[in-house]
1. If you go through region A:293-302 one residue at a time, how many are of a type outside the set (D, E, K, R) and surrounded by fewer than 18 Cβ atoms within 10 Å (Cβ to Cβ)?
2. Consider A:Glu288 against the criteria (1) touching a Phe, Trp or Tyr at 6+ places or on another chain (Cβ under 8 Å); (2) over 29 Å from B:Asn111 (Cβ atoms); (3) surrounded by 17 or more Cβ atoms within 10 Å (Cβ to Cβ); (4) not small (Gly, Ala, Ser): it satisfies all of them except one. Which criterion is unmet?
3. Within region B:112-131, identify whether any single residue is within 11 Å of chain A (Cβ to nearest Cβ) and in contact with an Asp or Glu (Cβ under 9 Å, 6 or more places away or on another chain), and answer yes or no.
4. Kindly indicate which of B:Ser65, B:Ser128, B:Ser80 is more than 21 Å from A:Phe73 (Cβ to Cβ), touching a helix residue (DSSP H, G or I) at 6+ places or on another chain (Cβ under 6 Å) and in the same structural domain as B:Asp301 (by TED's automatic domain parsing).
5. If we only count helices (runs of 4 or more DSSP H) wholly inside region B:1-114, which ones have 2 or more residues that are without any contact (Cβ under 8 Å) to a residue 24 or more places away in the chain, out of contact with any Phe, Trp or Tyr (no Cβ under 9 Å at 6 or more places or on another chain) and aromatic (Phe, Trp, Tyr)?
6. Give me the residue from region A:44-58 that is surrounded by fewer than 22 Cβ atoms within 10 Å (Cβ to Cβ) and under 19 Å from the mean Cα position of the chain (by Cα) and, out of that set, nearest to A:Tyr116 (Cα to Cα).
7. How about region A:237-256: which of its residues are crowded, with 17+ Cβ neighbours inside 10 Å and in contact (Cβ under 8 Å) with a residue 40 or more places away in the chain?
8. Only one of B:Leu67, B:Leu30 is at the interface with another protein chain (Cβ under 8 Å from one of its Cβ atoms), of a type in the set (A, V, I, L, M, F, W, C) and buried (at least 21 other Cβ atoms within 10 Å of the Cβ). Can you tell me which?
2 protein chains.
Amino acid sequence: MGGNREMKLQILGCHAATPRYLAYPSAQVLQAGKHMLLIDCGEGTQMQLRRFGVRFSRIEHIFISHLHGDHFFGLPGLISTYRLLGREKPLYIYGPKGIKEAITMLLKLGNSWTSYPLHFHELSGSVSEVVFEEGGLRVQTLPLDHRIYTNGFLFSLDEGLYKMRIEEVRKHGIDKAYYRKIKQGKDVPDSQGNLVPNELLTLPPPDPKTYAYCSDTAFMPALIPLIKGVDTLYHEATFQEKDADLAASTKHSTAKEAARMALEAGAGQLILGHFSTRYKDTSGFQEEALAVFPKVEVAHDGRIFEW
Amino acid sequence: MGGNREMKLQILGCHAATPRYLAYPSAQVLQAGKHMLLIDCGEGTQMQLRRFGVRFSRIEHIFISHLHGDHFFGLPGLISTYRLLGREKPLYIYGPKGIKEAITMLLKLGNSWTSYPLHFHELSGSVSEVVFEEGGLRVQTLPLDHRIYTNGFLFSLDEGLYKMRIEEVRKHGIDKAYYRKIKQGKDVPDSQGNLVPNELLTLPPPDPKTYAYCSDTAFMPALIPLIKGVDTLYHEATFQEKDADLAASTKHSTAKEAARMALEAGAGQLILGHFSTRYKDTSGFQEEALAVFPKVEVAHDGRIFEW
């Protein structure tokens, strides 16, 4: 595993709707190779970034699932703070149509437009689309089923570089200047100037690392083909089965439903989050999901997952 | 001092601009007689209300000084939370012109209009005006000098009831049914039916309890006549004198300037707040102000003041 192909996820907040002290609404930082991304930005996200010592000036791309307050009311404050800290490099925000107008209005009211370029990529499509692709990282939307227009996001990290079989390369007496081309899958000349087919010199690239963020949504089997074989699935579990009627009426999922999604998608692991604060602790969520799917983790503010 | 004439102030946040974990932006709760009021509402205010166990469903009036994020980015979240908690009683919001459109847009984006009546009283005047008067509490604006349109607020609690001199009342053989009228300053009949002048039966009402909230503002001597003799003055002190140039360029005050305001207004006590997070601790603020004015307190998140 190359150091540049690691995914590291830190939960900043994983609670639903009405936040409490030390129970923050949705936000998480994903380190994917060289990219640091923010996913959702509930109220208080900037305080959580500082609390957990995240070097958040490195964030250049923010992905917002939907425009319920517990997923984006922290965004105007974070954008303002970047200005106060003298940020110069651009910030890119991906989120539902309307987000640009809202943020623009809030900043104008405070007569505090940014010191740095702020770019919005507004989403309104109903099928999955690629919204970001750079340096081996691809981000695509995952249309979800919630009360308002909502997207999850699938992050795929793939350097696309072939693994060089160094003993074969040496056997053909290939100059080091060609090593980069070999990793890119190109045929290269040997010491005699004869082209050597790439498949003799390499092994195929490793599978991409993947992460799917699915919040907020009702149980949605249509999602399964899009997240098939994902390494890590974060799926909302606002309720437990005893409150399945509430999950249905508010278009949220139960822990059991989240586990069924993980099972049917063949996920490597399932992280449960977006817990309703009606539950005293999260042990019930894990228990319920483990009855369906074997690898279940429970988010808590600050927790780090790496794969 | 009647129990209904107490003022109790709890600081929820008193830090400037870029909030940190456990260093929240401006917000405070004022209990004035039977009224519970919220003054400013920076990001994270709803978490702070829960952290300090404030029964915040009782808040019916919110006063916003200006539309910089560190004074109102917590407002949309609090309004949403009230809906999720099933609030039915009205909420009144006083703040600069533009606040209604901003909040309305954010709630509409989330398709989450309130379950309760939400009334906006937008401010745009440049002279002090009374914006609320009910049950002995009067609130008037204090035009401040900041980078954008900003008001402080002066809260005056005055039941307006005269103190009854019970021995005089009894001497005239006045029926208990008239006691309320006596306190209201009316002349009432004695046991013979002859009107007794109120001044024989009462002492004048006690002075009103007062609180002035002045944040954010440059040093502003024009404010002094408006807050003359105030019991408690909360005045911003974003900077210390060594950074007086920064205070001037950003239209903020130093601790020394805040103390000069308290001295010239003849305030009962001065509370310093709105500290820049550039300072390691707040002791320097207090020291600087104490050199000018004798009764200086320093705000910190959660601190309670009563008078």
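The values are calculated or read from the model by the stated rules, or taken from the named source; none is laboratory data. Predicted model, so just to flag it, every value in this text is computed and none were measured. Neighbour counts are summed over all protein chains in view; Cβ atoms, including those assigned to glycine, are modelled from backbone coordinates with ideal geometry.
1. Step one: list which residues in region A:293-302 are of a type outside the set (D, E, K, R), which gives A:293-294, A:296, A:298-300, A:302.
Those left that are additionally surrounded by fewer than 18 Cβ atoms within 10 Å (Cβ to Cβ): A:294, A:300, A:302.
So the answer is 3.
2. (1)
3. Within region B:112-131, the subset within 11 Å of chain A (Cβ to nearest Cβ) is B:112.
Pick out the ones that are also in contact with an Asp or Glu (Cβ under 9 Å, 6 or more places away or on another chain) and you get none.
No; the residues of region B:112-131 include none that is within 11 Å of chain A (Cβ to nearest Cβ) and in contact with an Asp or Glu (Cβ under 9 Å, 6 or more places away or on another chain).
4. Details: B:Ser65 fails: more than 21 Å from A:Phe73 (Cβ to Cβ); B:Ser80 fails: more than 21 Å from A:Phe73 (Cβ to Cβ).
Answer to the selection: B:Ser128.
5. Values: elements: B:45-51, B:69-72, B:75-84, B:99-109.
In region B:1-114, there are no helices (runs of 4 or more DSSP H) which contain 2 or more residues that are without any contact (Cβ under 8 Å) to a residue 24 or more places away in the chain, out of contact with any Phe, Trp or Tyr (no Cβ under 9 Å at 6 or more places or on another chain) and aromatic (Phe, Trp, Tyr).
6. Initial filter on region A:44-58 (surrounded by fewer than 22 Cβ atoms within 10 Å (Cβ to Cβ)): A:50-58.
Filter once more, keeping what is under 19 Å from the mean Cα position of the chain (by Cα): A:52, A:54-58.
Working: A:Phe52: 25, A:Val54: 20, A:Arg55: 18, A:Phe56: 15, A:Ser57: 12, A:Arg58: 14 Å.
Once the filter is applied, the top-ranked residue is A:Ser57.
7. Within region A:237-256, A:Ala237, A:Thr238, A:Gln240, A:Thr250, A:Lys251, A:His252 qualify.
8. On the way: B:Leu30 fails: at the interface with another protein chain (Cβ under 8 Å from one of its Cβ atoms).
It is B:Leu67.
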